[in-house]
Every structure is written in C-alpha cells, then in structure tokens.
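**Q** Pasting in a structure now, in structure tokens, and then I'll have a few things to ask.
Quick note: the coordinates plus some simple rules give every number you see, no bench work behind them. What you are looking at is a predicted structure, and each value in this text was computed from that prediction instead of being measured. A quick note on method: Cβ atoms are made from the backbone with ideal geometry, for glycine too, and the neighbour counts reach across all protein chains shown.
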Amino acid sequence: MKRIIKQLAGLSLAALAVFGMGTAAQAAYPEKPITLVVSFAAGGNADVMARIQAEAMSKELGVPVNVVNRPGGAHVPATMSVLEAPADGYTLFNWSPPSFMVVPLTRATPYKPLEDFVPLFAGISASNALYVRSDSPYTTFEEFIEGAKGKKLKMGVNNLGAPPNLSAVQMADQFGLEFTTIALKTVPASLNGLVAGEVDVAVGQVASLNAFGDKIRPLIILDNNRKDFYEKDLPGVRTVGEAFPGKEAGAWVHGGFAVKAGTPDDVVKVLLDASAAAMDNDAFRASIPKAISWYWVHGVEDTTALIQSGKDLYSPILDGLGLLHK
Amino acid sequence: MISQRVANLVFAAMLMVTLAYMAWLASGFETPALGGATLPTHFFPLVLLAFIATCTVIYGFEYILTGGSGGDQGDVVYEDWLQARRGLFTLIATCASFMIWREFGFAVAGLIATPSIALAMGTRKLWQFAVIFMGAGMTYLVFTHGLGTQFS
Amino acid sequence: MFDAVTFNLALDLLFQPLTLVMLVTGVTIGIVIGVLPGLGPPVALSLALPFTFEMSFVPSIVLLLAIYSASIYGGSISAIVARIPGTGAAVATAQDGNAMFRAGRGGEALGLSLTGSVLGGLFSAVVLAVFAPLLAKLAAEFGPREYLAVCVFGLSVVVRVAGASLWKGLTMAGVGLWLTTWGIDPLSGGERYTFGSYQFYSGIKLIPFLIGIFAVSEVFIGAERAMARIDFNASSLKITIPGWQRLKDLRGTLARSSVIGTIIGIIPGEGAAVAAYYSYAEEKRRSDTPDEFGKGSPLGVLAPETANNATVGGALLPTMTLGVPGTPAAAILLGAFAINNLTPGPMLFEERGDIMYAIYIGLFVINIVMMVIGYFAIRFAAQIIRVPQNIVLPLVLLLSVAGIYSTFASLFAVGIMLASGVFGYVIRKLGFSVAPLVIGFVLGAIFEDGFRQSITTSQGSILEFFNTPIGLVIYFLLFLTLFGEPIWKRLRRTMSGDPA
C-alpha cells in the first residue's frame, strides 16, 4: 500500500511539475527581449520600417524588440544567423525579396525560405517606376522605347538582383531593348545619378517623385496592375499592364517578419496576435513614412501564399534570363 | 634574435606562396550573368595580387642587396628571448581561448582566458590577477546588463 | 537667405529642457562609446535610434548628432593613451598621439586632439549652415569616376604614410585593397574567397579588422614589455589646452584639416578615417620636418583629429539635401528623419527651415559642450598611464572582444578580429607600417566599385575616365602633391640661373 501511495505521489508530483512548467512556459513568453534580425544596413527604408514595426510589436508584447543589422553577403549571413538561434520565438527575421525570393532562386543557399521559416505577416511594399531626367527628349514611354532601340542606354538601379534591377531586366526583355546596368547602391543614389547625368534612365520607386520634384520625369509604372497608392504618388502615370496589355511587368516587393520553423505553436500565436493588434490599425498606418508603401497580409497561410506567388512570378523571369539556379 | 633581414625575406617568400595560391583560387571565380559587368569577377583580385607580388619582389631585393628596407639594416625582431616569449605566449593564449570558446562555450573560455593571458604577459602578483578578474567581471556585467549582449 | 523668424523658431525648438538633456547625455555617451574599442558611431547610433521613437524630431536628432560627434572625438582618447583607436576615425591619430603620450607629452596631445576636434566640428557646422544648397550640387555630381579619382588620390596618401620603406608600404596597401575583394562581388554576384562558408559572403568587415589590426596586435606587442615600468613625469599629465598664441601658430593646419574633413564628409560614402589620413598626409607633405611624423609630432595629432570631426557637418550635407548618406554613420541619421516622416531633399529646407536651423545651431552647441565634457574626460584618461600595462592590456583585449561580439553577435566576427590581430602583430614586428594596410582596406571597396563602374559608364574608353570636371581637379591635385615640390624646385633653380 505504502508503495502504491508513494508511486501515486511521485506520479502526481511529476504531473504537476510538467503541467506547471508547461503553463509557466506558455504564460511566460515573451519574458526576455526579442531580437529582430534585419538583413539591410541601418537607416535605409527597409531598416526604418522594420524598426517602426519592432517598436509597435514591443509595445504589444511588453518586452523590447531589438533590431540587429546584418547587411551584406547576399543576405545569407543574416538569414542563417536566425536559423542558428533556437526556435523559441526570441529571434525574428525581417524577410524581404532578396532573402526569401531572389537569392534562393539564383544561387545555392543553405536554407529554403518556406521550409525553414514560418512567415507571420507582410507589410512593407514598394512599386517601381521608370524615370528619366526632366530635360530628356523622351516625354512618353513610347518615345523612350523608340529612342532606346539599338542603343545601349545606361540604366541606374540600386543593387543587382533587387526588384528594381529585375523590373528593368524584365522590361528590357519584353520590349527588345538593351541596357548597361550601373548599380548605385540605393534608390536615392540611382536617382541622384540620373539627375547628375551618370545614367540616362533609372528605376526608382513610385514614391520617389516626392523627393525629387521636377528634376525627374516618370515614364511608366513597372507593374501589371494598378494599386491604390499609385494615384496618390504618381497621378496620371500608366502601368505597363494598362498601356501594353500582353506585356509582362510583374513586380513583387513585400517584406515582413518570420520565425524559424519548429517554433512552438503557442509562441507563434502570441506573435500573430501581437502583430495584428500592433499594425492592423489606422494609427499605425498613419505613422508609416511617406516614402514607404504598405500592403498588409497577415497569418501564416496567407503570407506563405503571398511568398509562393512571388516565387511563381519571378521563377519564369529568372529562368528566361538564364539566372535560375537549378 | 632573428635579424629583420632574415625575417622579412622569409615573410616575403611566404607571402609569394600565398599570393600564388590566392591567384589560383581567383582564376576559378565564376562570373554570374546577372550583373552584365564588363569585367569578370576575377579581374580585380588578380590585378591586385600582381601588384602586391611586384612590390614584394622589389622590397625583397632591397633586403637581399642592401640588407634592409627603410633603414632597418642590422635591426632585430626581438631584443631577447624574454620579449619574444611574452609576446608570442600572449598570442597563443588568446588564440587558444578563442578555440576553447568555439568548442566549449563562453563561460569556460572566459575562466581560462583571463588568468592565462595575464600569466603569459608576465603577471606574477596576486593582487594584479585580482584586479584583472574584477575588471573582467565588470565588463561582463556591463555588456550583459547594459547592452543586452548574450554571450553563449 | 537668413530668416530671423525661422531662426527664432529654431532657438525655441532647441532650447527645450529635453533637448538640452539629450545633448549633454549624447555627448557623454558618445565619448564613452568612442573610447571603447569595437564600439563606434554606427553602433552607438543604432543603439540610440530606438529611443528616438519616444521623442519628437529635434531632441532625437540632437541626441544622435551629439553621440555621433562625440564618439568620433572619443576614439582619439584611447588612441593617444593606449595606441588603440576607439573608433575608425582615430586610426591616424594613434601613432603620433601615443608617441607623444609615452614621451611625456600626453596632456599636450590630449589637449590638441580635443581642441582640434571641437574646432573642426564647428567649422563644418558653419559650412553646412551657410553653404548647404550650393554644396549639395557638389555631392550630387559624385559618380563612379569621381570616386575613382578620390581613391587614386589615396595613393599619394599611402606614399606619405608608408613610413621608412616605400615598397613595403605599397605592398601592404595592395594587401589592404585585396582583402576587400573577399565576399560576394557586389557588381556581378560572384563569390570570391568564400572558402565554402557562407559566413564569408559579406567579406571581411571593417570594424573587426581595424580593431584586430590596432587593438589586438597592440596587446600582443605591448605584452612584450608589459612588466616594464613606464617612467613619466607627473606634470606631463597635465592637460594643456592650446592658448591663443599657439592656436595662431597652428591656424594653417587647423584650416586645411577642417576643409579637407568637411569636403571628405560631403563626398557620400567616404568616412572619417579617410579624412583623418588625407589631412595627416597633407600636413606631413607641407612640413619642414616630415620625419617627425610618426614619432610624436603635434601636427600628426591635430590634423587628423580636426579633419575627422569636420566630417560630421560635411556628412550631414548630402544626407539632408539628397537623402544620400555622407558617411556610413549618417545613414542611421537618415533613419531618424524617416521615422519622423521627414523626407530629406530641397523640400525639407523650404518647408521645415526651423528644423534645419535647429540642427545647425545644435551642432554648434554640441561642439561647445564637447569641449567642456571632453576636458573632464581627458583629465581622467591621462591618469591611465599610472595603471600597470599588464593590467590594462588584458582588459583592453577583453573589451575589444566584448565590443565586437556585442556589435556583431557573431563568433565569426571575433575570429576575424583575432586573425587580423595576429596578422597585425606579425607585420608590425617585421617593420611594416599599418597605415597603408588600413588605407587600402578602407578605400578598397570604393576603389573597385569606382573603377569597374567607370569602365561601364565610359563604355570601355579610358579617355572617358577623365571626362569629368571634378575628377580632373582631383587628378590635378594628385599630380601636384606627388610632383609639385620637385618640379617647383627645378623651376626655381633654372629661373635663378643656377648652373647646377
């Protein structure tokens, strides 16, 4: 009898302990600061947006969300640094087109975005437009195509493999043009290069016109479909899809947070709830800087679908250019 | 101990070997198509390696022909064995500590590193060890609690 | 152009309790972070950036600017006292500054570096305020070919700082340049020297490399004599701030270095270290006693320190007018603008002139405050020489490791630092000067980028390389610095009819 009582006591203690620890773990996340890894340099648009989001999440979660910048290396070191940390929800990754889309498609990476990560949401977005200087002879996109044929104009982009570059490459391919690409590191720098005459044409963002006023002229928006914010930033400018039905100008620029695959479901839920509460409201949207566009997608399934749509869009483009890594 | 002349010539020879190896690696660099760059990826590294090699040969000849470069004829690398020992042992202790950190984690490495580096430098007095330990402890605290660094 | 109403608005914005507290806090934090090796302006600014969410723009930007200016200055303290530059900006100060320190002129060196920093900072703040729109054009004109010209100019700097052996100096400059090719080639996406590890994709990072070359190698070298007592005269620790007469004598150096620093700051992308070395080289070139440089010349401390702080005002110029950061640290300042929904550009000056004025005045006040706080800091720092080296050095090593690990959260970065340290130790023992290595490394990425993109822009024609007014000016200056003196001497001799 004594033995049975002892065994029962032991079992119930064990059960209590496990149960207690379980609830303790559940109730405790987050109990220490969270790290957000950003694969861009500090100060740029992607970084600023990530910081604003980190700040909002931090208020919801009650712990600091610290941004760590790990730029360079085709975003691989930053991505891997998240995968090297434990899957406990204390390391978040700020994913973006390079890290989740272009780099895995164009080179062998030690990770697979949709297998190794659980994407939580997407927020930041951008759309690109083609710009020339205000004193350029090309006043319409059609004139530009005519004038650019047979010449190799200098095209300014920010970085190789980044969406502006891919949009430019796609456009060249669709319209039978050839360009010499000059990578000037950031979008403002490429537009500055345009104004200074270093390049003849540049890919900037739709919102870039705000900063450069009458020094540059938009020719066309490099997208198939019209998004809501186009009218606000570039009134009267057509998209490729509208002006040339049948020509492809798909662009995919999104970014958001993700955690390592294998993170416990309850932790993921806390993060999802916090992000929805923090960012899916008017006050937050009003705090987004003018130069940054916003396209909200929330939840693991929806965000995964969004990322998959990007892969579906870019794979054939990259394949056609011989850049798809097989 | 070890004249500058001998040491520099040995170093120059080792450098040339390294340069050759690096050039061999560079010739294998691939240039993906995305850039449309006019110059292949291996261009710059090879040009620079050639430049370094040229300069190395020139100063190597300076050492061979004149016994020195920049007026260090007759100089020595280490004044005496004690000096060499202190410098080199500190170097070895530091690198060993790093290896230990990689394999066994920060705590172990920290506990081994602090005394061994101080020892290598020639510290013998107990109070000095104590001060160093305290300084190390304070640094650790400031970084973990002040800056939120997580040493693993 | 000067608008009294806006000016008054700016004064109102600036002289608020919170803003002033941020100013003083920023200067203090900046100096401390500057002194610690491994932590520098970019780190300090990224750490401070989250705090700016809670505050409105003016206190935020004042905090960041204060940290920025003060940390550039702070690096010189450890450079002088321990020969270890606390930040990249102080690399050129370390040799002469520490030599003066060991020779018993530490107080003088510290006083000179503080004064130079403050005056350089003030100069560039004034230039920023008065010339912003004009100089913005200059910044906008900088393309690959102009950058290439600036980097080629760096060659002349290498020649001057190579120390006794020119060819050993050039060798190391080449090594520095070559080391920057490691990693993924940004212009083609190809992998270079990645040794099969993705850790190398981003190449060798500047800060771990610099701290390794300077701090870690210094620990190893210092270890050799760590037990030796340093004899010093206690009075040499007394801080001497140069008086009016001394300043008058030094005005040439101050002026030249301030201008060089401001201009380099304006050129987007170049950092304070470049300004420091360029002005150092210029002073050495002009000096009647060039051999003193490297052994403890006061000008070898004053010039780089003035120039590196002068980059602050210069860096703000393209940052605020074009949205293109003048220095890497200024990129973080851009973030502060964006967070507060301010878009840098000409519009900003027109719409929010009050904020712009507040920034100019703020910079001015920051430098004045730095003078005061700095004075107390260096009084304390000078005393460090009393601490035995075998206690200081292990702690320096520890701080460097902690700083690098904290900044990069990566054991790999620490590994790079230690490897650089071993390399630095070896070459220093062999009589190489580290300055060419560092300059090559700092300029390397810009040099390659400039060269390759110039080829693309000029579509292969070498002549096109020189088809740029700014570039031509720089090449001409380069020609002058390298060959000006000998040619001038020759001309004088022929003109005076000297048969020799």
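**Q** Can you work out the FRET efficiency for the pair A:Ser134 and B:Ala130, with r the C-beta to C-beta distance and R0 = 56 Å, to the nearest 0.05?
**A** Step by step, r from the Cβ atoms, then E = 0.20.
**Q** Still on this structure, please answer the following. May I ask you to derive the relative contact order of chain C, considering only C-alpha pairs under 8 Å and at least 6 residues apart, and to give it as an integer percent?
**A** Rounded, it is 27 percent for chain C.
**Q** Here's something else I'd like to know. May I ask you to derive the relative contact order of chain B, considering only C-alpha pairs under 8 Å and at least 6 residues apart, and to give it as an integer percent?
**A** Relative contact order here is 23 percent.
**Q** Give me the orientation-averaged projected area of the Cα convex hull of segment A:167-326, in nm², one decimal.
**A** Mean orientational projected area (segment A:167-326, Cα hull): 11.9 nm².
**Q** Let me spell out the model: positive unit charges on the Cβ of Lys and Arg, negative unit charges on the Cβ of Asp and Glu, origin at the Cα centre of chain B. What dipole size does that give, in debye rounded to 20?
**A** 480 debye
**Q** Could you tell me what percent of the DSSP beta bridges with both partners in chain A are antiparallel, to the nearest 5? If you can, show how the numbers build up before the last one.
**A** Details: 24 of 42 bridges.
So the antiparallel bridges amount to about 55 percent of the total.
**Q** Let me ask another. Considering every residue in C:450-458, what mean count of other chain Cβ atoms within 10 Å of its Cβ is obtained?
**A** Working: counts 0, 4, 8, 8, 1, 4, 11, 7, 1.
Average per residue, whole number: 5.
**Q** Taking the mean number of other Cβ atoms within 10 Å as a proxy for protection, how do you rank C:328-337, C:305-314, B:134-143 from highest to lowest? Mind dumping the intermediate values first?
**A** On the way: C:328-337: 25.5, C:305-314: 35.2, B:134-143: 15.4.
So the order, starting with the most tightly packed, is C:305-314, C:328-337, B:134-143.
**Q** With each pseudo-label sitting 7 Å past Cα toward Cβ, what's the C:Val126-C:Trp488 distance in nm, one decimal?
**A** Roughly 2.6 nm, to one decimal.
**Q** Still on this model: Rounded, prolate or oblate: pick one for segment C:170-286, where a ≥ b ≥ c are the square roots of the eigenvalues of its C-alpha gyration tensor, a/c under 1.5 means rounded, and failing that, prolate if a/b is larger than b/c, else oblate. Walk me through the numbers on the way to the answer.
**A** On the way: a/c = 3.21, a/b = 1.44, b/c = 2.23.
It is oblate, given that a/c is not under 1.5 and a/b is not larger than b/c.
**Q** So what's the back-of-envelope 222 nm ellipticity for the protein assembly as shown, counting only DSSP H runs of four-plus at -39500 (n - 2.57) apiece and dividing by all residues, rounded to 500? Write out the running numbers ahead of the final one.
**A** Values: 40 runs with 608 residues, N = 978.
Calculated at 222 nm, the ellipticity per residue is -20500 deg cm²/dmol.
**Q** Viscosity 1.567 mPa s, temperature 4 °C: Stokes-Einstein D of segment B:4-66 from its Kirkwood Cα radius, in µm² per second?
**A** Rounded, D is 98 µm²/s.
**Q** Looking at A:Ala126, C:Leu65, A:Asn224, which one has the Cα that reaches farthest to the positive end of the dipole of the protein assembly as shown (charges on Cβ: Lys, Arg +1; Asp, Glu -1)?
**A** Positive-end residue among those listed: C:Leu65.
**Q** If you filter segment C:235-297 for trypsin sites (Lys or Arg not before Pro), then keep DSSP loop positions with at most 14 other Cβ within 10 Å, what is left?
**A** Numbers: sites: C:Lys238, C:Arg246, C:Lys248, C:Arg251, C:Arg256, C:Lys284, C:Arg285, C:Arg286, C:Lys295; in loops: C:Lys238, C:Lys295.
Filter output for segment C:235-297: C:Lys238, C:Lys295.
**Q** Is segment C:146-193 best put as rounded, prolate or oblate by its Cα gyration tensor, with a ≥ b ≥ c the root eigenvalues, rounded for a/c under 1.5, and otherwise prolate when a/b is larger than b/c, oblate when not?
**A** Oblate, since a/c reaches 1.5 and b/c is not below a/b.
**Q** Relative to the Cα centre, what is the charge dipole magnitude of segment C:1-135, using +1 at the beta carbon of each Lys and Arg, -1 at the beta carbon of each Asp and Glu, and rounding to the nearest 20 debye?
**A** Roughly 460 debye for segment C:1-135.
**Q** Given a Förster distance of 45 Å, report the FRET efficiency between A:Glu178 and B:His145 from their Cβ-Cβ distance, rounded to the nearest 0.05.
**A** That gives a FRET efficiency of 0.15.
**Q** Go through C:Pro388, C:Val414, C:Leu49 and say which Cα lies farthest out towards the positive end of the charge dipole of the protein assembly as shown; charges sit on Cβ, +1 for Lys and Arg, -1 for Asp and Glu.
**A** Going by the charge dipole, the pick is C:Pro388.
**Q** Between segment A:215-293 and segment C:244-309, what is the C-alpha centre distance in whole Å?
**A** Here the two parts' Cα centres lie 48 Å apart.
**Q** From the cross-link list C:Lys205/C:Lys429; A:Lys59/A:Lys269; A:Lys32/A:Lys269, which pairs have alpha carbons spaced over 19 Å apart? Write out the running numbers ahead of the final one.
**A** On the way: C:Lys205/C:Lys429 24 Å; A:Lys59/A:Lys269 17 Å; A:Lys32/A:Lys269 17 Å.
Going by Cα-Cα distance, C:Lys205/C:Lys429 fall outside the 19 Å limit.
**Q** Now a separate question. Mind checking which of A:Phe212, A:Thr304, A:Thr263 is farthest towards the positive end of segment A:206-326's charge dipole, using Cβ charges of +1 (Lys, Arg) and -1 (Asp, Glu) about the Cα centre?
**A** Checked the options; the winner is A:Phe212.
**Q** Using R₀ = 35 Å, calculate the FRET efficiency as 1/(1 + (r/R₀)^6) where r is the Cβ-Cβ separation of A:Ala277 and C:Arg352; round to 0.05.
**A** So the FRET efficiency works out to roughly 0.60.
**Q** How would you classify segment C:244-300 from its alpha-carbon gyration tensor, with a ≥ b ≥ c the square roots of the eigenvalues: rounded for a/c under 1.5, else prolate if a/b is greater than b/c, otherwise oblate?
**A** In terms of gyration-tensor shape, oblate.
**Q** Can you say what percent of the DSSP beta bridges in the protein assembly as shown, counting only those with both residues inside, are antiparallel? Round to 5.
**A** On the way: 27 of 45 bridges.
Here the share of antiparallel DSSP bridges comes out near 60 percent.
**Q** Still on this structure: How big is the Kirkwood radius of segment A:128-243, worked out from every pair of different alpha carbons and given in Å to one decimal?
**A** Result for segment A:128-243, one decimal place: 13.8 Å.
**Q** In nm, to one decimal, how far is the C:Met55 label point from the C:Leu247 one, both placed 7 Å along Cα→Cβ?
**A** Rounded to a tenth, the inter-label distance reads 2.8 nm.
**Q** What percent of all Cα-Cα pairs in chain A falls in each 10 Å bin, counting up from 0?
**A** 5, 24, 30, 20, 10, 4, 3, 2, 1, 0
**Q** Same structure again: Along each principal axis of its Cα atoms, how long is chain B end to end? Whole angstroms, biggest number first, please.
**A** Taking max minus min along each principal axis of the Cα atoms, chain B gives 56, 53, 24 Å.
**Q** What's the angle, to the nearest 10 degrees (0 to 90), between helix B:43-66's Cα axis and the longest principal axis of chain B?
**A** That works out to roughly 90 degrees.
**Q** Then there's this: How large is the Kirkwood hydrodynamic radius of segment B:81-146, in angstrom, based on all distinct alpha carbon pairs?
**A** 12.6 Å
**Q** Another question, then. If you split all Cα-Cα distances of segment C:66-148 into 10 Å bins from zero, what percentages do you get per bin, shortest first?
**A** Binned Cα distances yield the sequence 18, 35, 27, 18, 3.
**Q** Here's something else I'd like to know. A 19 angstrom limit on the alpha carbon distance is what I want to check against. Which of A:Lys232/A:Lys290; A:Lys247/A:Lys326; A:Lys154/A:Lys185; C:Lys248/C:Lys295; A:Lys185/A:Lys311; A:Lys260/A:Lys326 exceed it?
**A** A:Lys247/A:Lys326; C:Lys248/C:Lys295; A:Lys185/A:Lys311; A:Lys260/A:Lys326
**Q** Between B:Ala107 and C:Met495, what is the spin-label point distance in nm, taking each point 7 Å from the Cα along the Cα→C-beta axis?
**A** 7.7 nm
**Q** Any idea what the alpha-carbon Rg over 2.2 N^0.38 Å comes to for segment C:40-106?
**A** In units of the globular-protein estimate, segment C:40-106 measures up at 1.38.
**Q** Averaging over all projection directions, find the projected area of the Cα convex hull of segment C:4-467 and quote it in nm² with one decimal place.
**A** Over every viewing direction, the Cα hull of segment C:4-467 projects on average to 22.1 nm².
**Q** Relative contact order for segment A:128-243: what is it in percent, counting Cα pairs under 8 Å that are at least 6 residues apart?
**A** Relative contact order for segment A:128-243 comes out at 35 percent.
**Q** Roughly how many debye, to the nearest 20, is the charge dipole of the protein assembly as shown about its Cα centre, given +1 on each Lys and Arg Cβ, -1 on each Asp and Glu Cβ, and no other charges?
**A** With Lys and Arg at +1 and Asp and Glu at -1, about 2680 debye.
**Q** Which three extents, in whole angstrom, do the alpha-carbon atoms of segment C:1-83 cover along their principal axes, largest first?
**A** The Cα atoms of segment C:1-83 stretch 48, 28, 22 Å along the principal axes, largest first.
**Q** What per residue convex hull volume, in Å³, do the alpha-carbon atoms of the protein assembly as shown yield? Please list the in-between numbers first.
**A** On the way: hull volume 201.3 nm³, N = 978.
Normalising the Cα hull of the protein assembly as shown by residue number yields 206 Å³.
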